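Enquirer: Structure below; questions to follow.
The values are calculated or read from the model by the stated rules, or taken from the named source; none is laboratory data. Since this is a predicted model, take the numbers as computed values, not measurements. FYI the Cβ positions are ideal-geometry reconstructions off the backbone, even for glycines, and counts take in every protein chain you see.
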Amino acid sequence: MAVHCPECGFTNADGANYCQKCGAYLGDLTAAQPAADDTSTATYRVGETGEFIPVDVGAVVESTGAAIVIRAGGGRVGESFPLDAERMTIGRRPDSDVFLDDVTVSRDHALIVRRGNDWFLDDLGSLNGTYVNRRRIESERLGDGDELQVGKYKLTFLSR
């Protein structure tokens, strides 16, 4: 049985938790879905030689305090980035901390920065804008579970 996304109408495979096209949460749409406490997304990081290394994102968040995970876009669903520095750049520039290679992403698109005990997402004057929970922002304090959108990529901010 296919699951249709309530946001964009895309037909997703049975058991999908997130829309493959727009990243919207699909969990409440199917009875075949596991219980909410059993729901998980496989996460990984890319090693130096390009190999996928499985990551327990819960452990990453516990050790670093926060992480972001790609939920949709560019065939990189599940890739995670621990926020282990005071600031991390997001953009199409290859030396960005979170490199998102797509024309919808500006070279220097956004910045995640720690201010005190909180994390903030700052837009760096990007052409297509930066969004938190579907609202265009210039600077926004992030909370656990916030959905970030940078170009065609949708990411989730996780913190303890």
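Enquirer: I'd like to verify a number: residues in segment 66-83 that are among the β-branched types (Val, Ile, Thr) and over 20 Å from Leu26 (Cβ atoms), how many? If you could, list the steps in order and put the result at the bottom.
Expert: Filtering segment 66-83 for residues among the β-branched types (Val, Ile, Thr) gives 68-70, 77.
Okay, now just the ones that are also over 20 Å from Leu26 (Cβ atoms), so 68.
Summing the residues that are among the β-branched types (Val, Ile, Thr) and over 20 Å from Leu26 (Cβ atoms) in segment 66-83 gives 1.
Enquirer: Residues that are touching a residue at least 12 places away in the same chain (Cβ under 8 Å), among the charged types (D, E, K, R) and surrounded by 14 or more Cβ atoms within 10 Å (Cβ to Cβ): does segment 126-136 have at least one?
Expert: no
Enquirer: Please count how many residues of segment 139-160 are touching a Gly at 6+ places or on another chain (Cβ under 9 Å) and not aliphatic (A, V, I, L, M). Full working, then the answer.
Expert: Step one: filter segment 139-160 for residues touching a Gly at 6+ places or on another chain (Cβ under 9 Å), giving 147, 149-160.
In the following step, the residues that additionally are not aliphatic (A, V, I, L, M) were identified as 147, 149, 151-154, 156-157, 159-160.
Counting residues in segment 139-160 that are touching a Gly at 6+ places or on another chain (Cβ under 9 Å) and not aliphatic (A, V, I, L, M) gives 10.
Enquirer: Here's something else I'd like to know. For segment 117-131, give me each residue that is over 18 Å from Lys152 (Cα atoms) and not in a loop (DSSP other than H, G, I, E, B). Walk me through it before giving the result.
Expert: Residues of segment 117-131 over 18 Å from Lys152 (Cα atoms): 117-120.
Result: Asp118, Trp119, Phe120.
Enquirer: If I ask for residues that are small (Gly, Ala, Ser), surrounded by 13 or more Cβ atoms within 10 Å (Cβ to Cβ) and in a loop (DSSP other than H, G, I, E, B), which ones from segment 137-160 would you list?
Expert: In the first step, residues of segment 137-160 are kept if they are small (Gly, Ala, Ser); the result is 139, 143, 145, 151, 159.
The next check asks that each one be surrounded by 13 or more Cβ atoms within 10 Å (Cβ to Cβ); those that pass are 139, 151, 159.
Correct list: Gly151 only.
Enquirer: Give the residue that is modelled with the highest pLDDT, with candidates limited to residues of segment 78-116 that are under 17 Å from Gly145 (Cβ atoms) and either in contact with a Pro (Cβ under 6 Å, 6 or more places away or on another chain) or not in a strand (DSSP E or B) (or both).
Expert: Result: Leu83.
Enquirer: Under 7 Å between Cβ atoms, at least 6 apart or on separate chains: pull out the pairs that start in segment 99-121 with a residue that is hydrophobic (A, V, I, L, M, F, W, C) and end on any residue that is in a loop (DSSP other than H, G, I, E, B) and loosely packed, with under 14 Cβ neighbours inside 10 Å.
Expert: Val113/Glu86
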